[in-house]
Amino acid sequence: MNKPTVLFLCTHNAGRSQMALGFFNRMAGDRAVAYSGGSEPADQINPAAVAVMAEKQIDIAGEQPKRWTDEMVEAADVVVTMGCGDTCPFIPGRRYEDWTLSDPAGQPVDAVRPVRDEIEARVRGLLVSLGVTPTHGA
């Protein structure tokens, strides 16, 4: 059986989608695959997102915001969008989930923590829906 593949998309690929990718990789291990991308990639990862993920012992500091590609979308079983609206790609036959989350851009760490915690819970639920038991400790 193929591993489930998920694509996390947001506008800048600097906060929400990177946090989701970090949690997904931690919880799924090698049992599922994920990518992240943005429609207008930022110059760097949001420092507050890096800081709140470090509190969970997940290092996303080495990630670089990148534009999503058609190949990423075509490879995905599930496309999770987070605030990219009409710029998000749509390919028939894919499962789509739209996660309405506050944009952590320019926000202090205290404002980003609740977004991180919501993303963690949603990633856990997504993995369960894909038949992948999330590992604990994330």
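The values are calculated or read from the model by the stated rules, or taken from the named source; none is laboratory data. None of these values were measured; they are calculated from a predicted model. Here the Cβ positions follow ideal geometry from the backbone for every residue, glycine too, while neighbour counts run over all protein chains shown. We work out accessible area using only protein heavy atoms, side chains counted, and drop any ligands, DNA or RNA first. Shrake-Rupley method; radii C 1.70, N 1.55, O 1.52, S 1.80 Å.
Considering region 26-39, the residues that are in a helix (DSSP H, G or I) and more than 16 Å from Asp77 (Cα to Cα) include one that is most open to solvent (accessible area, probe 1.4 Å), namely Arg26. When each of Ala42, Ala49 is tested for being outside any helix (DSSP H, G or I), hydrophobic (A, V, I, L, M, F, W, C) and touching a Gly at 6+ places or on another chain (Cβ under 9 Å), the lone residue that passes is Ala42. If you go through region 52-103 and keep only what is assigned to a loop (DSSP other than H, G, I, E, B) and out of contact with any strand residue (DSSP E or B) (no Cβ under 9 Å at 6 or more places or on another chain), you end up with Glu55, Lys56, Gln57, Ile58, Asp59, Ile60, Ala61, Gly62, Gln64, Pro92, Gly93, Ser102. Return yes when Asp103 is among the charged types (D, E, K, R), over 21 Å from Pro134 (Cβ atoms), at pLDDT 95 or above and surrounded by fewer than 20 Cβ atoms within 10 Å (Cβ to Cβ) and no when it is not. Judged against the criteria, Asp103 is not a match.
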